[in-house]
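The values are calculated or read from the model by the stated rules, or taken from the named source; none is laboratory data. Owing to the predicted nature of the structure, the values given are computational and were not obtained by experimental measurement. Neighbour counts run over all protein chains shown; Cβ positions are idealised from the backbone, glycine included. Each accessible area value is taken on the protein alone, full model and side chains, heavy atoms only, with ligands, DNA and RNA left out. Shrake-Rupley method; radii C 1.70, N 1.55, O 1.52, S 1.80 Å.
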Amino acid sequence: MATPLIIDTDPGVDDAFAIALAARSPEVELKGLTTVFGNVGLDLTTANALRLLAHLGRTDVPVIRGSAGTGGAADVHGEDGLGGQALTLPEHPHGISGDDTTRFFADDLTPDTVVAAIGPLTNIANAIEAGVEFPRLVVMGGGLGLGNTTARAEFNFWADAKAAQTVIRRAKPIIVPLNLTQRCIADTEFLANVDPVLSGLTGTYRAYLARHREQNHSHRDEGILVHDAVAVAEAIVPGTLELTTHGLDIDDEGALVEGKHQVEVALETDWPALRSFMEQRLSG
């Protein structure tokens with residue numbers, strides 16, 4: 001039986017890869033996308049989620065509109081969140097299926113459901129505060145000793161530090177941090193081999209490269225970082241990433257710091273094997 005999967009997302013170029021990976025993986029049944037502000041504002045992330053599902057032929061998957069806030073990564077993902085390519089994707093024939101993500105989680109989570117949270121954690125924290133329990137929660141966010149928005153804080157945690165604190169303190173998530181995802185580079189050969197439209201969505205990769213050069217990663221090969229797809233791969237096939245337990249917390253800046261909360265953190269993977277897995281699922 002396929003594992004039920006919900007993705008909480010703020011599409012986003014790397015979110016597009018992650019959603020496509022889930023949509024094309026028989027190990028999981030994609031039960032819904034819940035949208036949140038992040039890479040761009042909520043109106044755009046929600047519209048992008050709908051268009052991506054329409055493009056992937058998955059209009060059966062409901063989209064639940066979630067929490068609004070200030071989008072903060074248009075310089076990397078483009079003003080529309082998809083590298084200027086959003087309007088090249090088809091319109092969704094139905095639109096959103098609701099606008100209460102807490103109710104959606106409460107009604108649809110079963111003991112075997114996995115939730116992959118790949119944007120700011122506002123929706124997840126709101127649900128936790130309302131008493132929702134997440135059986136397995138995989139979170140892309142944070143960095144041990146590094147950030148990509150400030151020197152110490154990664155974007156998803158920085159965008160709503162209070163929500164990130166709630167999640168790490170109360171939900172026992174699996175954290176997939178920058179320490180791992182910044183080593184997972186989808187190079188130009190990979191991009192040439194995957195679905196042509198998805199490859200077209202990577203038009204912002206030069207901005208990714210420029211951002212990482214600013215962060216002293218100028219040695220990296222040309223390609224894009226598929227942060228969110230790395231986390232979703234673990235949600236699809238548990239054990240894809242090597243997990244170790246760390247005592248952590250999150251400060252008011254959104255930075256991961258030492259703390260008393262025991263959290264599983266993914267710091268290693270077989271990237272060539274994971275890259276091959278992604279390429280196989282996203283091509284053809």
TODO: Considering every residue within segment 251-272, establish whether at least one is out of contact with any Lys or Arg (no Cβ under 8 Å at 6 or more places or on another chain) and assigned to a helix (DSSP H, G or I).
DONE: yes
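Consider GLY38 carefully, then state whether it is surrounded by fewer than 24 Cβ atoms within 10 Å (Cβ to Cβ), under 17 Å from the mean Cα position of the chain (by Cα), touching a residue at least 60 places away in the same chain (Cβ under 8 Å) and not in a helix (DSSP H, G or I). So that I can check it myself, show each step before the final result.
On the way: surrounded by fewer than 24 Cβ atoms within 10 Å (Cβ to Cβ): no; under 17 Å from the mean Cα position of the chain (by Cα): yes; touching a residue at least 60 places away in the same chain (Cβ under 8 Å): yes; not in a helix (DSSP H, G or I): yes.
Taking the combined requirement at face value, the residue does not satisfy it.
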In segment 251-266, residues that are open to solvent by 40 Å² or more (accessible area, probe 1.4 Å) and among the aliphatic types (A, V, I, L, M) total 1
Per the list (1) without any contact (Cβ under 8 Å) to a residue 60 or more places away in the chain; (2) under 18 Å from ILE124 (Cβ atoms); (3) in a helix (DSSP H, G or I), residue check on ALA22 breaks on (1)
Looking across segment 140-157 at residues that are in a loop (DSSP other than H, G, I, E, B) and among the hydrophobic types (A, V, I, L, M, F, W, C), the single one that is most open to solvent (accessible area, probe 1.4 Å) is ALA151
Within segment 79-90, identify whether any single residue is buried (at least 21 other Cβ atoms within 10 Å of the Cβ), in contact with a Ser or Thr (Cβ under 8 Å, 6 or more places away or on another chain) and closer than 18 Å to THR122 by Cβ, and answer yes or no.
-> yes
Counting only residues in segment 203-224 that are open to solvent by 10 Å² or more (accessible area, probe 1.4 Å) and touching a Ser or Thr at 6+ places or on another chain (Cβ under 8 Å), the one modelled with the highest pLDDT is identified as GLU222
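Would you be able to tell me the number of residues in segment 116-136 that are part of a strand (DSSP E or B) and either open to solvent by less than 10 Å² (accessible area, probe 1.4 Å) or on the phi > 0 side of the Ramachandran plot (or both)?
Looking only at that region, the number is 2.
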